[in-house]
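The values are calculated or read from the model by the stated rules, or taken from the named source; none is laboratory data. In this text the structure is predicted, and so the values were computed from the model without any measurement. Quick reminder, even Gly has a Cβ in these numbers, built from the backbone with ideal geometry, and neighbours come from all protein chains shown.
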Amino acid sequence: MPPTTKSLLNVPPELVLEVTDHLPLDGVLALKLTHSRLDEILALDARRWNTTLSDCARLAIRTYLSPSTPKASHSRCILCKSVYPISLFKSSSSPACMPIMPTNDNQHADIVELPSRVCSWHVGRLARVVRTEPGGRNEWVSHTEEICMHCGDIQAWAKCYCKCESCSFRVVTTYTRYLNNDREYRGFRFWRDTSIIETPNPTQGGDGQLWVRETCSDSGASNQNLVINLPVNFES
């Protein structure tokens, strides 16, 4: 009996070749490396190698063809294009987050969710402030939006027009601070209260209630900074 599961492996070779005619060279190579049958069908012919490759395509090809065993303790950030220790690919390593004290159960705990292969230096890309009128909205909320993996722009905030064929768009959780005054939001750091058990939300990552600790100016004569904690509410 013919297979009932539809997949690219069931597609006739001539159709696979027709589809991959529309892929850049690094995309063909990535597909070729996913399965032995696709490896047999797809050829990296001279016509493709003679095309001018973008820097992103060259980097992707080097990544796909590099051995997987050396430097297992490091990875390359898809946005920075730089290599960092694996620990820097957790948001708890970001200056914008307050790390959870490690225990036997949460040694790899995360604060906010980062896209795969994006380092913690980019947590700030996921947050923005929107100023409202006095007495208006004043809170932190999170949404899911698309991010361009070439330039790092959140498309709902500043739509880019990148023409790189090697970099994709991914869905990420973003954080917006609606601010109705000039006293709050002088500095902020995300943190999680793991003592609060909430309904799991796969888009937010981590465990427990997500909060933001803000530094605020004191309107009194003491001229000191104050600290407030605000919860982050997810909006679909």
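Some values worked out for this structure:
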{"read-out": "Residue match in region 105-128 (condition: surrounded by 14 or more Cβ atoms within 10 Å (Cβ to Cβ), farther than 21 Å from Ser75 by Cα, modelled with pLDDT under 95 and out of contact with any His (no Cβ under 7 Å at 6 or more places or on another chain))", "value": "yes"}
{"read-out": "Qualifying residue in region 39-62 (condition: under 20 Å from Arg189 (Cβ atoms) and modelled with pLDDT of 80 or more)", "value": "no"}
{"read-out": "Options Ser36, Ser68, Ser73; residue that is at pLDDT 75 or above and under 30 Å from Glu146 (Cα atoms)", "value": "Ser73"}
{"read-out": "Hits in region 152-183 - residues which are basic (Lys, Arg) and part of a loop (DSSP other than H, G, I, E, B)", "value": "Lys159, Lys163, Arg183"}
{"read-out": "Yes/no for Leu23 being under 29 Å from the mean Cα position of the chain (by Cα) and either assigned by TED's automatic domain parsing to the domain that holds Lys163 or closer than 24 Å to Val83 by Cβ (or both)", "value": "no"}
{"read-out": "Scope region 26-36; condition surrounded by fewer than 16 Cβ atoms within 10 Å (Cβ to Cβ) and either assigned to a helix (DSSP H, G or I) or assigned by TED's automatic domain parsing to the domain that holds Ser166 (or both); matching residues", "value": "Ser36"}
{"read-out": "Some residue of region 176-194 being under 26 Å from Leu59 (Cβ atoms) and either modelled with pLDDT of 90 or more or loosely packed, with under 14 Cβ neighbours inside 10 Å (or both)", "value": "no"}
